[in-house]
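Beneath this line is the structure, given in structure tokens, with notes to follow.
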Amino acid sequence: MRPAHWTAAALASAVALAGCRKVTQPPVGEASLADSAEQVLFDVHSVLTDHGVKSGDMYADTVYVFNDQTKFVLRRVRAAFNTETGAPNGTLKGDRGIYDLRTQTLEGFGHVVVLSTDGRKLESNHLKYAQALNQVSSDSAFTLTRKSEVQRGIGFASDPNLSRFKCFLACRGEALVPLKGLANP
């Protein structure tokens with residue numbers, strides 16, 4: 001080989017090796033809700049009203065505002081419900097939520113818990129509160145605990161205080177029965 005060929009071969013090898021070098025890109029995170037939100041609010045309190053009557057209070061650690069300020073994506077949502085006379089009517093807590101101002105619905109996602117004023121506890125991974133109907137409902141699995149009774153199923157509808165409760169599918173329950181009341185066979 002002639003020296004010119006050696007030079008060309010060496011140059012081609014150097015270019016090929018340089019092309020194999022790993023090029024790193026700057027880290028790019030996933031798109032955040034804050035990237036597309038109209039507003040981002042922190043430590044929010046909002047009064048829920050129906051035709052001018054207060055039906056509850058809603059709180060969130062972070063709120064992302066969308067759709068011309070009609071859709072709110074909530075982080076760590078809490079709500080306290082009231083009757084028409086203003087008496088407490090249960091509470092709701094969830095990891096995440098969505099409040100739609102047009103339909104007046106609050107949806108909770110993640111670990112959602114509804115507590116009645118007398119201690120009943122409803123747990124589900126998804127729950128919907130329809131403000132106009134004053135109704136909580138879901139088509140997901142749930143667990144309802146009342147003192148020594150536990151009811152499970154898929155899908156339900158109830159008032160926020162869990163006093164009128166209807167299970168839709170795969171309904172089952174457990175209860176502790178005191179042994180004193182049982183007769184010996």
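Answer with yes or no whether residue 135 is among the polar types (S, T, N, Q), under 17 Å from residue 58 (Cβ atoms) and in contact with a strand residue (DSSP E or B) (Cβ under 7 Å, 6 or more places away or on another chain). For residue 135, the condition - among the polar types (S, T, N, Q), under 17 Å from residue 58 (Cβ atoms) and in contact with a strand residue (DSSP E or B) (Cβ under 7 Å, 6 or more places away or on another chain) - is met. In the set (1) among the acidic types (Asp, Glu); (2) over 26 Å from residue 174 (Cα atoms); (3) in a strand (DSSP E or B), the condition left unmet by residue 68 is number (3).
Within the range 78-98, being in contact (Cβ under 8 Å) with a residue 12 or more places away in the chain and open to solvent by 80 Å² or more (accessible area, probe 1.4 Å) holds for 84, 88, 93, 96. Just checking, does the range 18-37 include any residue being modelled with pLDDT of 90 or more and open to solvent by 80 Å² or more (accessible area, probe 1.4 Å)? Checked the range 18-37: no residue is modelled with pLDDT of 90 or more and open to solvent by 80 Å² or more (accessible area, probe 1.4 Å).
Could you tell me how many of the residues in the range 99-130 are part of a loop (DSSP other than H, G, I, E, B) and either touching a Gly at 6+ places or on another chain (Cβ under 7 Å) or surrounded by 19 or more Cβ atoms within 10 Å (Cβ to Cβ) (or both)? I'd like the intermediate steps shown before the answer.
So in the range 99-130, the residues part of a loop (DSSP other than H, G, I, E, B) come out as 101-104, 116-120.
Narrowing further to those that are either touching a Gly at 6+ places or on another chain (Cβ under 7 Å) or surrounded by 19 or more Cβ atoms within 10 Å (Cβ to Cβ) (or both): 116-117, 120.
Qualifying residue count, the range 99-130: 3.
Being modelled with pLDDT of 90 or more and out of contact with any Leu (no Cβ under 6 Å at 6 or more places or on another chain) is the requirement here; does residue 144 meet it? When the stated conditions are applied, residue 144 does not pass them. When 75, 2 are screened for being at negative phi, at pLDDT 70 or above and open to solvent by 60 Å² or more (accessible area, probe 1.4 Å), only 75 passes.
Considering only the range 38-49, I want to know if a residue exists there that is polar (S, T, N, Q) and at pLDDT below 85. There is at least one residue in the range 38-49 that is polar (S, T, N, Q) and at pLDDT below 85.
The values are calculated or read from the model by the stated rules, or taken from the named source; none is laboratory data. It should be emphasised that the depicted structure is a prediction, and the values quoted were computed from it without experimental measurement. Please note: Cβ atoms are built from the backbone with ideal geometry, for glycine as well, and neighbour counts cover all protein chains shown. Only protein heavy atoms, including side chains, enter the accessible area calculation; ligands, DNA and RNA are left aside. Shrake-Rupley method; radii C 1.70, N 1.55, O 1.52, S 1.80 Å.
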